[in-house]
Amino acid sequence: LGLAEWFRAEGIENVRELDWWQAAPQEVLPGLEVTCLPVQHWSTRTVSDRNRTLWCSWAVRSPSTSFYFTGDSGYCPAFKEIGDKLGPFDVAAIPIGAFK
């Protein structure tokens, strides 16, 4: 949430914002259910806009396959909740950060 205005200012008009646990209507992608899900992350673009946009992970499900993308997240209790509510998933994309 919080970026539709920016996209429209850039000339991108077909924008739909979703909050955590909201799914895009089926007419957007027929046959697929795309759900915005929680992650653990913070956001900022300037010194005065900390945490004004929503970061998320995504579940994409069809009648035969389910896919989960964690997005840019640290491990958090939301992963278990997502699995309990929408899992199991056939495929998951989970980035692993390496820090010294």
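Tabulated data
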{"quantity": "Verdict on V60 being at pLDDT 90 or above and open to solvent by less than 40 Å² (accessible area, probe 1.4 Å)", "calculated": "no"}
{"quantity": "Test: V34 is in contact with a Ser or Thr (Cβ under 6 Å, 6 or more places away or on another chain), open to solvent by less than 60 Å² (accessible area, probe 1.4 Å), closer than 19 Å to R61 by Cα and at pLDDT 85 or above", "calculated": "no"}
{"quantity": "Total residues in region 31-41, condition out of contact with any strand residue (DSSP E or B) (no Cβ under 9 Å at 6 or more places or on another chain) and not in a loop (DSSP other than H, G, I, E, B)", "calculated": "0"}
{"quantity": "Tally, over region 65-100, of residues that are assigned to a loop (DSSP other than H, G, I, E, B), among the small types (G, A, S) and either at pLDDT 95 or above or within 18 Å of Q22 (Cα to Cα) (or both)", "calculated": "2"}
{"quantity": "Verdict on R8 being modelled with pLDDT of 85 or more and assigned to a loop (DSSP other than H, G, I, E, B)", "calculated": "no"}
{"quantity": "Near pairs, Cβ below 7 angstrom, 6+ apart or cross-chain, from region 18-30 (part of a strand (DSSP E or B)) to any residue that is basic (K, R) and open to solvent by 80 Å² or more (accessible area, probe 1.4 Å)", "calculated": "none"}
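The values are calculated or read from the model by the stated rules, or taken from the named source; none is laboratory data. Please read these numbers as outputs of a predicted model, since none were measured by experiment. Positions of Cβ are generated from backbone atoms using ideal geometry, with glycine treated the same way; all protein chains shown enter the neighbour counts. Only protein heavy atoms, including side chains, enter the accessible area calculation; ligands, DNA and RNA are left aside. Shrake-Rupley method; radii C 1.70, N 1.55, O 1.52, S 1.80 Å.
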